[in-house]
1. Among the numbered conditions (1) part of a helix (DSSP H, G or I); (2) buried (at least 16 other Cβ atoms within 10 Å of the Cβ), tell me where residue A:424 comes up short.
2. Out of B:624, B:530, B:578, B:559, I need the residue that is more than 13 Å from chain A (Cβ to nearest Cβ), more than 30 Å from residue A:609 (Cβ to Cβ) and either open to solvent by 50 Å² or more (accessible area, probe 1.4 Å) or touching a Lys or Arg at 6+ places or on another chain (Cβ under 7 Å) (or both). Which one?
3. Does any residue in region A:446-475 that is open to solvent by 40 Å² or more (accessible area, probe 1.4 Å) come within less than 6 Å, Cβ to Cβ, of a residue that is in a helix (DSSP H, G or I) and modelled with pLDDT under 95 six or more places away or on a different chain, and which pairs are these?
4. Could you check region B:430-446 and list, in sequence order, the residues that are more than 13 Å from residue B:115 (Cα to Cα), more than 22 Å from the chain's Cα centre (by Cα) and assigned to a helix (DSSP H, G or I)?
5. For region A:118-143, which residues satisfy the criterion of being in a loop (DSSP other than H, G, I, E, B) and open to solvent by 70 Å² or more (accessible area, probe 1.4 Å)?
6. Test of understanding: among A:541, A:618, A:573, which residue is of a type outside the set (Lys, Arg), closer than 30 Å to residue A:122 by Cα and either in contact with a Ser or Thr (Cβ under 9 Å, 6 or more places away or on another chain) or within 14 Å of another protein chain (Cβ to nearest Cβ) (or both)?
7. Condition test on residue B:647, is it buried (at least 22 other Cβ atoms within 10 Å of the Cβ), touching a strand residue (DSSP E or B) at 6+ places or on another chain (Cβ under 9 Å) and in contact (Cβ under 8 Å) with a residue 24 or more places away in the chain?
8. Can you find even one residue in region B:178-200 that is open to solvent by 10 Å² or more (accessible area, probe 1.4 Å) and in a helix (DSSP H, G or I)?
Number of protein chains: 2
Amino acid sequence: MNSRFALALLLAPLCGSVLADEGMWTPSQLPQLAGPLRSAGLDLDAAQLSRLDAYPLGAVVSLGGCTGSFVSDAGLVVTNHHCAYGSIQYNSSADRNLLTLGFHAAGLADELPAAPGSRLFVTVATTDVTDRVVDRRTARLTGRARTLAIEDHEKQLVAECERDTGHRCNVVAFHGGLEYRLVKQLEIRDVRLVHAPPEGVGKFGGDTDNWMWPRHTGDFTFYRAYVGKDGKPADFSRDNVPYRPRMHLRLAPAGIKEGDFVMVAGYPGRTNRHRLASEVGYTFERAYPEFVGLATTQLAVIDAATKGREAAALKYASTVASLNNTLKNREGMIASYRQTDLLARKQQELRDLKAWVEADAERTRLYAGDIAAVEAVIADRQALARSEFLLGPSTPRLLGAARTLYRLANEKQKPADSARKPGFQARNWPRIRQGLEVLDRRYDEQVDQALASHFIGDYLALPAGQQNPAFLAALGLRRGMSPAEIGSRLAALYQGSRLGVAEERLAWLDRDVDAFKRSNDTFIRAAVALYADDRLREDRDDELDGKLQRAYANYMRALIAWKGSKGEAVYPDANGTLRITYGKVAGRTAGNPDGVAWTAFTSLRGIVAKHTGTGEFDAPDNQLAAIKAGVFGPYAEPQLGSVPVNFLSTLDITGGNSGSPVLNARGELVGLAFDGTLDAVLSDWDFNPATTRTIAVDLRYVLWQLQVVDKAETLLQEMGVR
Amino acid sequence: MNSRFALALLLAPLCGSVLADEGMWTPSQLPQLAGPLRSAGLDLDAAQLSRLDAYPLGAVVSLGGCTGSFVSDAGLVVTNHHCAYGSIQYNSSADRNLLTLGFHAAGLADELPAAPGSRLFVTVATTDVTDRVVDRRTARLTGRARTLAIEDHEKQLVAECERDTGHRCNVVAFHGGLEYRLVKQLEIRDVRLVHAPPEGVGKFGGDTDNWMWPRHTGDFTFYRAYVGKDGKPADFSRDNVPYRPRMHLRLAPAGIKEGDFVMVAGYPGRTNRHRLASEVGYTFERAYPEFVGLATTQLAVIDAATKGREAAALKYASTVASLNNTLKNREGMIASYRQTDLLARKQQELRDLKAWVEADAERTRLYAGDIAAVEAVIADRQALARSEFLLGPSTPRLLGAARTLYRLANEKQKPADSARKPGFQARNWPRIRQGLEVLDRRYDEQVDQALASHFIGDYLALPAGQQNPAFLAALGLRRGMSPAEIGSRLAALYQGSRLGVAEERLAWLDRDVDAFKRSNDTFIRAAVALYADDRLREDRDDELDGKLQRAYANYMRALIAWKGSKGEAVYPDANGTLRITYGKVAGRTAGNPDGVAWTAFTSLRGIVAKHTGTGEFDAPDNQLAAIKAGVFGPYAEPQLGSVPVNFLSTLDITGGNSGSPVLNARGELVGLAFDGTLDAVLSDWDFNPATTRTIAVDLRYVLWQLQVVDKAETLLQEMGVR
């Protein structure tokens, strides 16, 4: 496979057809955007923005699912409160609930370890490796053979890259497998909690305000990166020292105003702007509505099973928050989708693409087969997903752990690490261990059993042809069981397993396959019983993946070529790699009730207006007192007559961008992105510049809260404020 | 009394202290405002605006409680739908409900007579008559003698003025009796309904949207003024001809945009911006809350008593609309008041005024006594109002009619018309007759009895000292009566009276006092029995009025002198006379939830969004079809992508301004004022330029509805459109 064609397109200078505000650009695309960036107001050299080792990208870090940025030369990182929620929860107890109280470390010695597995990733290099991942030989393969060849090449690249200790490397697909890039990141393993505001600030508005405007959430928290005395990443140790980043962001406490240029650098997770019509239809008319039903049920079961048990409720707080967040997102997406003609446009796009392909014999030869194939493979995958929809939620959490452990034991039997399945190589072992260690923190047997019992009931009610006999046999389930019978069967399974005890669970990491086969632990036995079927299903998935990669990559090549023929440039869908989006601070009229607009900024006044003193709207007394006394420090915006709290901008972000620094025209920090507005969430699939807005917490609010309310003088000094 | 001092102040050129947007200026004040008007964008000579016989004031008419304007040379008048509501209702029946259907007269012959008593008043002159109303002799009087002397002078002035037949004259007090002006108006008595949109347009949003933004109400209706063939006002006759006004407004179908200069000319009824602290406190802490309770009860009683009786419900539709409107206004005022420090500011103002007066011996001699007196008299009046609060709603409507009739018979005994009490002179007789004629249209015995019964129950429960023995005796009521006893007593009263029959009621207009004394009609007997007490209470009120006029006028003189000493000019509170206010088209941020703004315009999109198909949000099918088809004619605003429906401006209006023309910088019609926003209604007492907004229907919406939806071509041609 040769990706030069696509790359040539990506690097062509962009003409006038660049859509304002839309675009999650890879750093390498930025020099092409020099003109539009300058017109939009950027006061830096666009080429500087493309360099991972230059300001400001060098200060931007991934938290694995969130983004943060260095704001001092001593490894201080600012990100969202909701990104650090698990770490705040991890350090909380019923006696000392840091979620409610907030947390401030008076000195380095007081900083608390983040939740196990917390990482900071500093991207140090990104390399195009398409020709090595899909080499000439692989390009001729299909099905499972293709999948395994790609996996092999990726493993080789990663292994080579990770010889540089302290680094984590990944091969990431762009444009559905049309391109592959090797991303090399410094992996900082000792992360500590420095400062978090009380939930009444950091999560003010809770689920009610989530995805909403007007917004008044102080969604910020500070971490610190630590490394060994040698400056290299190290596991947590009291001997470790603060990391000295290559650079840190300059702060702009003077703030921004409506219409100002802003940009966000961060790690957006996934967008689907180039998906086919059949994927759009399946997602919005089947998968998302099914998720809504599933999550609603899960929340109800968790709520019932934690009633009156504060410790259990605390363990599930993070899961509940995440479910609620995704639920609101999916509901918003479905509602927005129903108001658009997205499906019809996608169908028309595919017809137009096919017509363009068929209008030329060479194009027909190159693309027609794979365009037909991509639709067939997608249909097969959707049929499988439909039939296995309930399997996941029906699976007890400890059975999942047992399967992971048994798979690991099997993979370890292979003498060469390079022969092991991705995810089970030596490089993955610490993360597997951490996952098993941390399980307890968000696990309660009673809740887990209630969830499994509920969904197994649903699963057993499916037509026989849609059930997996191996799953039923391994768990001792059968059609027609009453809820009571399911309950007693599950009770026996949970009682017969010691995997709920962390030491017992972790002990299995070092046992061999025979030990598993001899065990009478109920969940270990079930994992052994399921193993053959699990492998068959994996092989089946690998077969489909191989077919899909080949067809999808060529479909994307056709799409890019066709759009290129019309003068339209294409940026890759988000895939967890570093991107930059730029736009401006702007309120909104479109999408609102006729006659109502959103202003670009909210202020402290709105906190007082929303404050009820309980639940989700419970601002701290000292904050309210400062607002009422009009103590604004240097952070008031004269036009607003108050301190700006949150602001709207036209930036193009998605999940993964949470905590991303919002930068002004000079690349200085002015806020942190933390959310989008509900009727704009469809932007992951279909970007609407009139309605899509990013919600950010204004840096002036962060500094005001630190200085006036929390008296966090040392933190301000470290960031060079005052 | 000499008013030159005050006049000098009013005519002094205004310096920089003119507040933007605030001010209901008398036409005579406009030349002083030439500078600010020019700065604001006026494209006419300010002196032209002060002339009643020049464009545009010559085209503006009073409807008595509303405002209208001539829009053709054949007497066509445009005003609000809610101002013509009574006339539309008057021409409706259960079979042919014009409120629901709307109305369009195909030709002159099809135009319908407006409700009896409907008038159009064209102001032809306004003359300062202070020196005649309060001459040297009167200035030395106090109490009832002063009241009667002022009444006498007013009657003389009116009688002289009304020798010019076809004119209605009134002496109007300004600044609480500090000045008096004689207003001379041509009184057009033949008014006809030309065109009204269906309620689904003209009252779209109903009580739910009343006082609200965003708004989408097509609050417009067309009347036509008719006169006799001699061109003079005449009673309704098929021989009458359309009135030829001195001038009519030019239309500006191109419309206005945000930020544009606009002005309103109209007849605002009453504001209270110069009231004393004690009046403010009494109003907001006692009178308005009492009204809210009273009106809420009245609405509930009317609702219960009309349930299932469509004809009765139709008769009370106008009363219910009016009660709801005032109720929402008062509730809004109370809520807004509680968020201000108005009372404290008023108290401070009075302290400051007193300090300024006391700082100078001459000022002390001139004002100190009356400032003390005004507070004492106000306290006496408030005590009386409190004690008699329930008397009004406890009085059967027919008893009110009987009292009017008997009073008239007594006044008629006086040989000279000039000796009769104002309101009962020959000039008032036709209006008294019309009031008695029209009573049936908004009267249902069952409803009236239910209302009287309810409030008499409350009245009888008051402490004995707070009840009027004459009232109880005249109606045969006594403390301790059960609801059933009250009911049967009232039933006997209603059954014993023939006043419910229009001819019988009107026959009493020509009977003498003896005939009343001999009658055994229950309500006539009650009126006769109450007469002596009614006169005693009137004398008591006259005594207080005389004291108050003297003290209040001098208090206002002191206030104006004090403000003048600080360089502040004072415009008189609204009093039903012609005023001009100017400002600009503007949305709003202040007063809204933090982060939410109101845009200046709404559009047709909002109609579709609000439409439910029933009740208050029931847009006509043909209108919805035109919107959905995007048939905008020439009336779309490109930036809005639709036809503007309603718009906000900073104009300073109040009740009485309804239907007022909104004019652009060249004095051309761009819309009709019809409402203010709820949290700005306190502006009648305390003008807040940040939150006070006038809501107007955009002329483009009116023309679009006429042209595209209602196909009212002849009306458009008459107005010179296209």
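1. (1)
2. The match here is B:530.
3. What qualifies is A:466/A:387.
4. Within region B:430-446, B:445, B:446 qualify.
5. Passing the criteria: A:140, A:142.
6. That would be A:573, the only listed residue that is of a type outside the set (Lys, Arg), closer than 30 Å to residue A:122 by Cα and either in contact with a Ser or Thr (Cβ under 9 Å, 6 or more places away or on another chain) or within 14 Å of another protein chain (Cβ to nearest Cβ) (or both).
7. On the way: buried (at least 22 other Cβ atoms within 10 Å of the Cβ): yes; touching a strand residue (DSSP E or B) at 6+ places or on another chain (Cβ under 9 Å): yes; in contact (Cβ under 8 Å) with a residue 24 or more places away in the chain: yes.
Answer is yes for this residue.
8. Yes, because at least one residue in region B:178-200 is open to solvent by 10 Å² or more (accessible area, probe 1.4 Å) and in a helix (DSSP H, G or I).
The values are calculated or read from the model by the stated rules, or taken from the named source; none is laboratory data. Everything numeric here is computed off the predicted structure, so don't read it as measured data. Cβ atoms come from the backbone with ideal geometry, glycine included; neighbour counts cover every protein chain shown. For the accessible areas, the whole protein counts, side chains as well, though only heavy atoms, and no ligand, DNA or RNA atoms are used. Shrake-Rupley method; radii C 1.70, N 1.55, O 1.52, S 1.80 Å.
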